[in-house]
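Comments concern the structure below.
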Amino acid sequence: MVTSTEKVNLPGRLGKPGSAQEMTFGDGAAAFILSNKRVIAGLEGSYSITRDFPDFRRAEHDKFVRTIENRFVREEGYAKFIPEAISGLMKKYGLDAKDFARVAFPCLDARQYSTVCKNLGFQPDQIQQPLLGSIGETGAASPLILLIAMLEEAKPGDNLLVASYGNGAEALFFKVTDEITNVEDRRWLKKYLDRRAELDSYEKYLVFRNLLPVDTGYDEETAKTELPLTWRERRPILALFGSRCKYCGTPQYPPQRICVNPDCGAVDEKEDYCFSDKRAVLFSYTADHTAPSLHPPLIYGMIDFEGGGRFVFELTDCEPDAIDIDMRVEMSLRRKYSDEPRGIHGYFWKAIPIIE
């Protein structure tokens, strides 16, 4: 759950309707585990520059990102800062372009991206495919998402170079270790991109961006979020923790004092049990066309977890005609509702059907 004293327009950055930023901005995030054990890619060095360049800006109460003329941004900022940071890193560590297996940095313009790479001496097979056409330019998350894309196909011993852009630039140099061969199914980014659905309605895009009001069928205020309750129940809500009976091993969600197994019924004999990473299948589902939703119908499903446990979850990233009984699903933490009068955005777990 995220709380704020200001009205928040989610998701993140907004370009003015009809602007180049509206077409190129994307929303994304990345997370890494930093450790000195089982390292798959070690940080070997970095080089950064800082420039107070007037390209993109947004004041506290601005709804849209402001920007100066696009060509000026590309030629005086992007095309100079990134090469300066990358060249500085290579000079600092005595490296050449040929020493890197892959290079990547944010892409504001596909042609400019290729030009910068070429001017730095990188060959086509070294250049990581930009994600401008599939995700868009995600701002601060962009270099991290590109690093994930490189790691999905990296081999032990590869040198990877990733740079950021924004009020200057920073270049990072990673070396892939043998440990990467022990990572199973590391093509998560590719999997999500292959599964994405195209949004072919500009009106619906404006609704999703909270730029256009829409009638959801109800004109009622959102129920008040009970903050003490959400704090006490934060593990079941945000971590999808249920309980498992110590006597018979039956798991259940949400956690209960009494075991649901009719042959057991033990009281207050439970241990924590996490459902978020368990395999699951769809037992039954319904599509509700009357429920308030920005993208009707709202689909609910009874989910059976491998090893035991059953609960009703909202289904997402799918259409009703693509759903079948007994299909596999995976759990994903998503925004559940927006309590805008109180500046609260609530999160809970939803089920994503796995399309084989």
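Values quoted throughout were computed directly from the atomic coordinates according to the rules given, and no laboratory measurement underlies them. As the structure is a prediction and not an experimental result, all values here were calculated from the model. For neighbour counting, all protein chains shown are included, and Cβ atoms are generated from backbone atoms with ideal geometry for every residue, glycine included.
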Practice problem: For A280, list long-range residues whose amide hydrogen, built 1.01 Å from N in the peptide plane, is under 5 Å from its own amide hydrogen. | Solution: E306, V329
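Give the Kirkwood hydrodynamic radius (Å, one decimal) of the chain, defined as one over the mean of 1/r across all pairs of different Cα atoms. Before the final figure, lay out each step's value.
On the way: mean 1/r = 0.0424 Å⁻¹.
It works out to 23.6 Å.
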Exercise. Kindly point out, ordered by number, any Cys in the chain whose beta-carbon has no other cysteine beta-carbon under 4.7 Å away.
Key: C107, C117, C274, C318
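Tell me the Kirkwood radius of the stretch 100-156: reciprocal of the mean inverse pair distance over distinct alpha-carbon atoms, in Å.
One over the average 1/r among Cα pairs gives 11.7 Å for the stretch 100-156.
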Self-check item: Amide H within-cut-off set for D339, under 5 Å, with H built and near neighbours excluded
Solution: I344, H345, G346
Quiz item: Tell me, what ³J(HN,Hα) does each residue in the stretch 118-123 have, in order and in whole Hz, if you take phi through Karplus 6.51 cos²θ - 1.76 cosθ + 1.60 with θ = phi - 60° and put x for Gly and Pro?
Solution: 5, 5, 7, x, 7, 8
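So, with +1 on the Cβ of K and R and -1 on the Cβ of D and E, and no other charges, what is the size of the charge dipole of the stretch 2-195 about its Cα centre, to the nearest 20 debye?
Numbers: 26 positive and 26 negative charges, 29 e Å.
That gives the stretch 2-195 a dipole magnitude of about 140 debye.
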Quiz item: Once you wrap a convex hull around the alpha carbon atoms of the stretch 218-356, what is its projected area averaged over all directions, in nm²?
Solution: 9.5
Self-check item: Listed residues L189, L161, L199, most fluctuating in the chain (Gaussian network, C-alpha, under 10 Å)
Solution: L199
Quiz item: Using the Karplus equation 6.51 cos²θ - 1.76 cosθ + 1.60 (θ = phi - 60°), what ³J(HN,Hα) coupling, rounded to whole Hz, does each residue of the stretch 267-273 give in order, writing x for Gly and Pro?
Solution: 10, 6, 10, 9, 9, 4, 8
Practice problem: Pick out, from V207, I86, W188, the residue whose Cα sits farthest towards the positive end of the charge dipole of the chain, with +1 on the Cβ of Lys and Arg and -1 on the Cβ of Asp and Glu. | Solution: I86
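So what is the calculated 222 nm ellipticity per residue for the chain, using -39500 (n - 2.57) for each DSSP H run with n of 4 or more, over all residues, to the nearest 500 deg cm²/dmol? Numbers along the way, then the final one.
Working: 8 runs with 68 residues, N = 356.
That calculation yields -5500 deg cm²/dmol at 222 nm.
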Practice problem: Please report the base-10 log of the normalised intensity I(q)/I(0) for the stretch 2-195, using a Debye sum with one equal scatterer per alpha carbon and no solvent, at each q in 0.08, 0.11 (1/Å). | Solution: -0.28, -0.53
Self-check item: Amide H within-cut-off set for G45, under 5 Å, with H built and near neighbours excluded
Solution: F173
Exercise. Can you find, among Q256, F241, T138, the residue farthest towards the positive end of the dipole of the chain? Put +1 on the C-beta of Lys and Arg, -1 on that of Asp and Glu.
Key: T138
Practice problem: Give the residue from I323, G309, L160 lying farthest towards the positive end of the charge dipole for the chain; charges sit on Cβ (+1 for Lys and Arg, -1 for Asp and Glu) and the dipole is referred to the Cα centre. | Solution: L160
Exercise. Can you tell me the dipole magnitude for the stretch 204-356 around its Cα centre, using point charges on the Cβ only (Lys, Arg +1; Asp, Glu -1), in Debye to the nearest 20?
Key: 600
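Based on Cβ point charges of +1 for Lys and Arg and -1 for Asp and Glu, what charge dipole magnitude is obtained for the chain about its Cα centre, in debye rounded to the nearest 20? Let's see the in-between values first.
On the way: 46 positive and 54 negative charges, 207 e Å.
Once rounded to the nearest 20, the dipole reads 1000 debye.
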